[in-house]
Amino acid sequence: MSELKFNTTEVLAWDLDRLDPLKSYRDLFSIPCVQEGEKSEEAIYFAGNSLGLQPKKVKSYIEKEIDDWARFGVEGHFHARTPWLSYHETLTEQTARLVGAQPLEVVVMNTLTVNLHLMMVSFYRPTMNRHKILVEAGAFPSDQYGVVSQIRFHGFDPHQSLVELKPREGEDTLRQEDVIKVIEEEGSSIALILLGNTQYLTGQAFDIRSITKAGHAKGCQVGFDLAHGVGNLKLQLHEDGPDFAVWCSYKYLNAGPGAVAGCFVHERHSKNSQLPRFAGWWGQNKETRFQMKPEFDPIPGAEGWQLSNPPIFQMASLRASMEIFDEVGMAKIRTKSDQLTGYLEFLVDQLPQGYCQIVTPRDLIQRGSQLSLRVKTQAKELQQRLVKRGVICDFREPNIVRVAPTALYNRYIDIYRLWQVLDHDAKNPA
Ligand SMILES: *Cc1c(COP(=O)(O)O)cnc(C)c1O
């Protein structure tokens, strides 16, 4: 399929769908409907980077826990069909495979921003000479608030301690060589490098390995926010070597609103019980947890950062979703995503000149399953016109529409339909 030449015929879209090795997976998901006058139709859903669709088996997975709670009460911690005490461990191996980590290096817990703070407590340790945090300009607001509040918490001034990477004049995305250059030039005063990968607004993917290597050569800690990377990019966190990574599970991972998030801590930190951290009883050595002793003896690895006993209903939902990812594997998901995204790119390039512009890098290794389109009109109004025609994608003020074709449930014909709607919109200005 990689040699494939795209064209603008609808037949091609149907052919591509017929040949798609992952086509059967769409049936595992509930596709939302949109109301079109009297009739209700399946939406053309491109917001999987915002809230992934529901795997149909989520319901029975959650019901199982609700039933076990009714049947067993507190005894469910030990006697539920999947005992709650060790429930999160059922997700460890799959999560490790998903992000290319060792099982010891990953845990599912809390929500994303909470995990980001927990990781910064351990890995942002500013000193007078080394107090900066390096982030991409225009990072997701929660990450911006997070880093600024951490800087202040340590008594430093964000004006001096926050360094933002900006694209060159007239460019939308960062050049990898510019990122490395800033690290080489300013690295000795940088305590932490933290990048969103892929970048939520532009869809740009950074090379985790070379950024990590450059950061470590300068003595910086390196972390990644993979909110838009997990379930999207092919990750190999252990080998690439960042100190930590965090992600949420309701975007590409399809685990539902407010889903329980994930965290990676590199093996090199797994036995370092001297690392400062905010601790809770669920991070305590499992042998002694219920002895309720005052000394904190963390579980080696990422599990040692857990705070509370986990939300079982949310974990049940995550489990239903992770089984699908684990069955397919990220290699196949990435291959199809590249095809879908490439097809979208081709069609967008056929739209009338000047209607919109692709902000996301053209280079495949610098992006995942998202194209961000800068539109000439108000993005919000365009997005509303799209909704009227059954297309769900998301917009960011003032003029970016983000389209995320996901491999597990999007079809080529969905992309073709989106293109038809955009083409109509371009030729019939509101
Ligand atoms: C989606 C997203 C968040 C959201 O944070 P929550 O704690 O899950 O609400 C944070 N950061 C980035 C980069 C995101 O894409």
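Test LEU116 against the stated conditions and say whether it is more than 16 Å from the ligand (Cβ to nearest atom) and either touching a helix residue (DSSP H, G or I) at 6+ places or on another chain (Cβ under 6 Å) or in a loop (DSSP other than H, G, I, E, B) (or both).
Numbers: more than 16 Å from the ligand (Cβ to nearest atom): no; either touching a helix residue (DSSP H, G or I) at 6+ places or on another chain (Cβ under 6 Å) or in a loop (DSSP other than H, G, I, E, B) (or both): yes.
Answer is no for this residue.
Check off (1) within 11 Å of the ligand (Cβ to nearest atom); (2) surrounded by fewer than 24 Cβ atoms within 10 Å (Cβ to Cβ) for VAL246 and give me the number that stays unchecked.
So the condition that VAL246 fails would be (2).
Cβ-Cβ under 6 Å, sequence separation 6+ or interchain: first residue in region 123-145 and in a loop (DSSP other than H, G, I, E, B) and open to solvent by 20 Å² or more (accessible area, probe 1.4 Å), partner within 16 Å of the ligand (Cβ to nearest atom) and of a type in the set (Asp, Glu). Which pairs?
Listed by first residue and then by second, the contacts come to ALA137/GLU164.
Which residues, taken from region 150-205, are away from the ligand (no atom under 15 Å from the Cβ), open to solvent by less than 60 Å² (accessible area, probe 1.4 Å), more than 18 Å from HIS228 (Cβ to Cβ) and part of a helix (DSSP H, G or I)?
Matches in region 150-205: ILE151, PRO158, SER161, ASP178, ILE180, VAL182, ILE183, GLY187, SER189.
Within region 389-407, work out how many residues are open to solvent by 10 Å² or more (accessible area, probe 1.4 Å) and over 15 Å from PRO32 (Cβ atoms).
Number of matching residues: 6.
Do we find that GLY138 is at positive phi and more than 16 Å from the ligand (Cβ to nearest atom) in this structure?
Working: at positive phi: yes; more than 16 Å from the ligand (Cβ to nearest atom): no.
Taking the combined requirement at face value, the residue does not satisfy it.
Considering only region 229-236, I want to know if a residue exists there that is in the same structural domain as ILE180 (by TED's automatic domain parsing), within 11 Å of the ligand (Cβ to nearest atom), under 17 Å from LEU116 (Cβ atoms) and open to solvent by less than 10 Å² (accessible area, probe 1.4 Å).
Yes, there is a match, as at least one residue in region 229-236 is in the same structural domain as ILE180 (by TED's automatic domain parsing), within 11 Å of the ligand (Cβ to nearest atom), under 17 Å from LEU116 (Cβ atoms) and open to solvent by less than 10 Å² (accessible area, probe 1.4 Å).
State whether the residues of region 26-45 include one that is among the aromatic types (Phe, Trp, Tyr) and outside any strand (DSSP E or B).
Start the filter on region 26-45 by keeping residues that are among the aromatic types (Phe, Trp, Tyr), which leaves 29, 45.
With outside any strand (DSSP E or B) added as a condition, the list becomes none.
No.
Is it true that some residue in region 82-94 is in the same structural domain as THR198 (by TED's automatic domain parsing), away from the ligand (no atom under 16 Å from the Cβ) and open to solvent by 60 Å² or more (accessible area, probe 1.4 Å)? Spell out how you get there, then give the answer.
Residues of region 82-94 in the same structural domain as THR198 (by TED's automatic domain parsing): 82-94.
Okay, now just the ones that are also away from the ligand (no atom under 16 Å from the Cβ), so 82-94.
Imposing the further condition that a residue be open to solvent by 60 Å² or more (accessible area, probe 1.4 Å) reduces the set to 89, 93.
Yes.
The values are calculated or read from the model by the stated rules, or taken from the named source; none is laboratory data. Quick caveat, the model's predicted, so the values are computed rather than measured. We place every Cβ from the backbone using ideal geometry, glycine too, and count neighbours over all the protein chains shown. To get the accessible areas, we keep the full protein, side chains included, count just its heavy atoms, and leave off ligands, DNA and RNA. Shrake-Rupley method; radii C 1.70, N 1.55, O 1.52, S 1.80 Å.
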